[in-house]
1. Search the stretch 110-135 for residues that are touching a residue at least 40 places away in the same chain (Cβ under 8 Å) and pair each with any residue that is of a type in the set (Phe, Trp, Tyr) and open to solvent by less than 50 Å² (accessible area, probe 1.4 Å) when their beta-carbon atoms are under 7 Å apart and the residues are at least 6 apart or on different chains.
2. Tell me, please, whether a residue that is assigned to a loop (DSSP other than H, G, I, E, B), touching a helix residue (DSSP H, G or I) at 6+ places or on another chain (Cβ under 6 Å) and among the small types (Gly, Ala, Ser) can be found in the stretch 377-386.
3. If I go through the stretch 307-339 residue by residue, how many of them are among the hydrophobic types (A, V, I, L, M, F, W, C) and open to solvent by 20 Å² or more (accessible area, probe 1.4 Å)?
4. Just to verify a result, which residue in the stretch 264-278, among those that are assigned to a loop (DSSP other than H, G, I, E, B) and without any contact (Cβ under 8 Å) to a residue 24 or more places away in the chain, is least open to solvent (accessible area, probe 1.4 Å)?
5. Could you give me the residue pairs with C-beta distances under 8 Å whose first residue belongs to the stretch 479-490 and is farther than 25 Å from residue 444 by Cα and in a strand (DSSP E or B), whose second residue is among the hydrophobic types (A, V, I, L, M, F, W, C) and open to solvent by less than 30 Å² (accessible area, probe 1.4 Å) wherever it lies, and which are 6+ apart or on separate chains?
6. List the pairs whose first member sits in the stretch 89-107 and is on the phi > 0 side of the Ramachandran plot, whose second member is surrounded by 15 or more Cβ atoms within 10 Å (Cβ to Cβ) and modelled with pLDDT of 90 or more, and whose Cβ atoms are under 6 Å apart, counting only residues at least 6 apart or on separate chains?
7. Taking residue 706 and the conditions (1) crowded, with 22+ Cβ neighbours inside 10 Å; (2) modelled with pLDDT of 90 or more; (3) in contact with a helix residue (DSSP H, G or I) (Cβ under 7 Å, 6 or more places away or on another chain), which numbered condition does it fall short on, given that it satisfies the others?
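The values are calculated or read from the model by the stated rules, or taken from the named source; none is laboratory data. Small disclaimer: the values here were computed from a predicted structure and weren't measured. A quick note on method: Cβ atoms are made from the backbone with ideal geometry, for glycine too, and the neighbour counts reach across all protein chains shown. Side chains included, ligands, DNA and RNA excluded: accessible areas come from the protein's heavy atoms. Shrake-Rupley method; radii C 1.70, N 1.55, O 1.52, S 1.80 Å.
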Amino acid sequence: MNHSFNTFFCLIAFQCLMLVPTLLYAQNNRPQTQSPDSTKLVVRRLSFEGNDHVKSSTLEMLIRTQTNREFLGIPGFTPWYFIHKLFKGGVGEEPALLNYETVATDLERITRYYNSIGFLEASADTNITRYDKNKARVTFLIDEGKRSHIRSVAYTGLPDSAFTSKKNKIEFYQQSDLTEDQINDSTFQADMPYLVNELDLERTRIINHLKNNGYATVQRDSITAFVKRDEQDKYKIDVLYSVNPGERYIFGNVHIKLAGPGSDTLYTYQESDTLQGDPYTLNQKKIYLKKEESAQTRFSLLTDQILFKPGDTFNNKRYIRSINEFQNLGMMSILRFGFSEDGSEPDYSNNEVPVYFSLQTLPKHAINFNVFGLKRYGFGSGAGITYTNKNLFGKAENLQLSVNGSFEYVTGDQLENLSGLDETEGQNPDSKFFRRFETRIDYSVPRLTFPFSRLDNYLFFTNARTNYSLSYSQSDQVQFDINSNIAFNQRYEIQHNDRFTSLLDLLQLELLDANPSSRFVNQLCRDFGDPNDTDICDPSLIDSTQANSIALEQILEDFRPQFTSTLRYAFRSQRTDLIKRNYGYFSEYSISTGGNIPFLIDRFFVTPNVVEGTLPSPANVSDNSLSYSQYIKLTADYRRYIPLSNNTVFASRGFLGYARPFNRSRTIPLNQRFYAGGSNDIRGYTFFELGPGAIPPDEIIINGGEIKLLAQAELRQTFIENFLSSNWIFALFADAGNVWYGSVDKLPAINSDSSIGQAEQTQAALEEGQFKFDEFYKQVAVSAGPGIRLDFDYLVARIDFAFRIHDLQKGWLNDKKMYFNFGIGHSF
């Protein structure tokens, strides 16, 4: 009863929290006009009839006649307009009044849209019905007519000089989305609906090809698409692209000027150089270089970014990519670029196009200090300082040194709930400060280094960066403490284009030294301690009736010092705004393998021809040996963002992860396993709290899983715009998933008969967390709830209130507690 009352109270408080900014927003943005009189109609219903081939939601986004904002897209549910009526115009949203001129314009928009997708005889009308004195129902009546189709596509005027051969020209035609079987050298069959957008995309494709093959002056009006209807069947259309490409050009001389940081418009270039001939230019053309001494940059850095040669055939793609190369250096800004020195109209009277770049370096040194708050287990704060050198050796090398520290205060009750550990009678867990410290060195260069340096010559790999990082950290966790974590990583990042990115961790090494907390060890001794485990356990804690030394050893195995090596490749594809995430998609797929370097060291160097499964401590600094595991790991992450209206977005995510040890290894390293829970995962559960399978937290023998399934959905509705410099978004979310063990063959060979019973007991516990096709769906945890997002231009702040719909221990809808989550950025 108490839980239900608390939940009800929290929901009421949450609704009040939503109402406060609405009222404040209205008070600060009072309408300048008076409330409408009874003769004006308020649009309360909006519908479409006859639109068999176009969704009503598409047409609704197209027109300007709208109802008041509907909450979560529910027809007729307009709470902000209701607030306006309740307070008689003082607050809330003004009524959406019917405007007949706007309706007439909407009819034109609908007709033009239908024409653009092949319904050339479509027409639209409206039926406006008045009810309840001043309310109106607007219905758009659409007569779509019959759809026209493109029968053939032909080309004329495309110059042979834009192609390497006649075969290459035919291949260019066949690569079009419009063309199918060839009729003659320049005419092709087509079987597709008449779509203006597709015709326009084909014109753009022709323009891009010509610009990349010397025709610098070609524009949209250089290409005309003639459309002809068949005399016998007017719904069949023939399209002819007539091309007037203009003259063919080469790159002229290139002029690059580089100013130092802080310079005004009066630049003084003290250094200059001129380059001519191979490998820089062709046909006696030159590259003129000038820079200020304060720029502290080598000329070779500037020439390395030029992806074309003066004197070569003009190629707009290489010209644009060269501009991107300068932008991606991260240590300079582009003041001006173009085909004339002063930015005026280029002179195309000659057959060459000169290129001008005016650049300026950014300040070389920067120091950043930040203070932040955090919530992981309790509440805490931290601080960090970062030094950045953006041009270390004069070729855009970036060096970054950072030191960060934080603390978090966790009460005894919170600690009890997080760990799930039992205490002896009369004992309560003490409150604790969790600390974290990290120091890090990052060094990066804006190009590919060995062994991939030659790929820099290809456009698909030009926008690349090589990163080296070395870090050392310590942190406290609920069940264990990380005494030291030393990591080195060599990563290659390649942004192939606006959509595709590759990430390759060629050499990732990590040395992890962790200890279980004393409280966690004591609990293990109570659960599994054996009278022979006195070197680990206090004899007073051991219950011989529950003895299982194998389980105890297996759990403590996770906390042995570990040496990990990883080789990982990830491919990322995206077409969305990574901050707003209000359209398009994001996906990432990865494959990695680990433990192979320590295995080779073990196999060929430490004990040749003998594999022991461990390595000695480096330089014998410790008596403890280093364990390692060989494994392979696969992940797939896909996210979709669908706009339902101008203010509503439906977001969904699916994640699949699979990992498996191989060779002599039985488990995955602790930091490479899959975990469930957290503010970006299954909200309502903290990290480490969920899984594997349905195993309760206090009975887990091996933390984390080798298989992970996750599904998330979120409906986001903007209900206040531009209040406190942000858009306020209400969200309803649902998360479902878990982690499981894959193979349960995780125990060493049992040689002692007395240990067989313990081994069987431990194996049975492991099998409870194993993924099984006929049972896994019963072990899926589900959480859901409402949330608020504050969408600023540069970040999104998020608050979520999660409820456990399916708790694996309590069942469906038996956990009435609300779980609070805070995060920066959308959860997915």
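1. 110/140; 118/194
2. To start, the set of residues in the stretch 377-386 that are assigned to a loop (DSSP other than H, G, I, E, B) comprises 377-378.
Filter again for touching a helix residue (DSSP H, G or I) at 6+ places or on another chain (Cβ under 6 Å), leaving 377-378.
Cutting the leftovers down to among the small types (Gly, Ala, Ser) gives us 378.
Yes, the stretch 377-386 has at least one match.
3. The initial filter retains those residues of the stretch 307-339 that are among the hydrophobic types (A, V, I, L, M, F, W, C), namely 307-308, 314, 320, 323, 326, 329, 331-332, 334-335, 337, 339.
Now restrict to residues that are open to solvent by 20 Å² or more (accessible area, probe 1.4 Å): 307, 320, 334-335, 337, 339.
Result for the stretch 307-339: 6.
4. Here is the first cut: in the stretch 264-278, the ones assigned to a loop (DSSP other than H, G, I, E, B) are 264-270, 277-278.
Then drop every residue that is not without any contact (Cβ under 8 Å) to a residue 24 or more places away in the chain, which leaves 264-266, 269-270, 277-278.
Values: 264: 93, 265: 118, 266: 140, 269: 63, 270: 102, 277: 24, 278: 132 Å².
Across the stretch 264-278, the extreme among qualifying residues is 277.
5. From the stretch 479-490, the pairs are 480/514; 480/520; 480/559; 481/514; 482/512; 482/514; 483/514.
6. none
7. (3)
One line per residue, one yes/no per condition, for (1) at pLDDT 85 or above; (2) surrounded by 14 or more Cβ atoms within 10 Å (Cβ to Cβ); (3) in contact with an Asp or Glu (Cβ under 9 Å, 6 or more places away or on another chain):
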| site | (1), (2), (3) |
| --- | --- |
| 561 | no, yes, yes |
| 580 | yes, yes, yes |
| 584 | yes, yes, yes |
| 598 | yes, yes, no |
| 620 | no, no, no |
| 623 | no, no, no |
| 629 | yes, yes, no |
